[in-house]
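Peer 1: Sharing a structure below in structure tokens format, with a few things to ask.
The values are calculated or read from the model by the stated rules, or taken from the named source; none is laboratory data. Since the model is a prediction, treat every value here as computed from it, not as a measurement. In this analysis, Cβ positions are derived from the backbone assuming ideal geometry, glycine residues included, and neighbour counts consider all displayed protein chains.
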Amino acid sequence: MTDKATDALPADRDLFMEARAFALSIVAIRRARGKANPADFVVGTPEWKAVVEDFAADILRLPTDTYRQLHRYRGLDLKDEL
């Protein structure tokens, strides 16, 4: 049994793990392309801020089709969420 007050993982563990895997994929792709990642810099520095913005832009480049495929895989309808 887990103590929800001290459990290190959020309540929706599967969703958390999917998000973590996605973030690690972005990190690996950026590394392969020779781009820096936020963890490469001290938090709060101008370099870190610039890389965080670039990292976020990479995340936003996720094609809409991939999002739709994930929802179809889970048996969800996008209209239900809107």
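Peer 1: Hey, could you check the stretch 1-47 for residues that are modelled with pLDDT under 90 and of a type in the set (D, E, K, R) and say which is farthest from R61 (Cα to Cα)?
Peer 2: For the stretch 1-47, the residue satisfying everything is D3.
Peer 1: Out of the stretch 22-65, which residues are loosely packed, with under 10 Cβ neighbours inside 10 Å, outside any loop (DSSP other than H, G, I, E, B) and of a type outside the set (V, I, T)? Full working, then the answer.
Peer 2: To start, the set of residues in the stretch 22-65 that are loosely packed, with under 10 Cβ neighbours inside 10 Å comprises 32-34, 42-44, 46, 57, 60-61, 63-65.
Next, only the ones that are outside any loop (DSSP other than H, G, I, E, B) stay: 32, 46, 57, 60, 64-65.
Scanning the stretch 22-65 gives A32, P46, A57, L60, D65.
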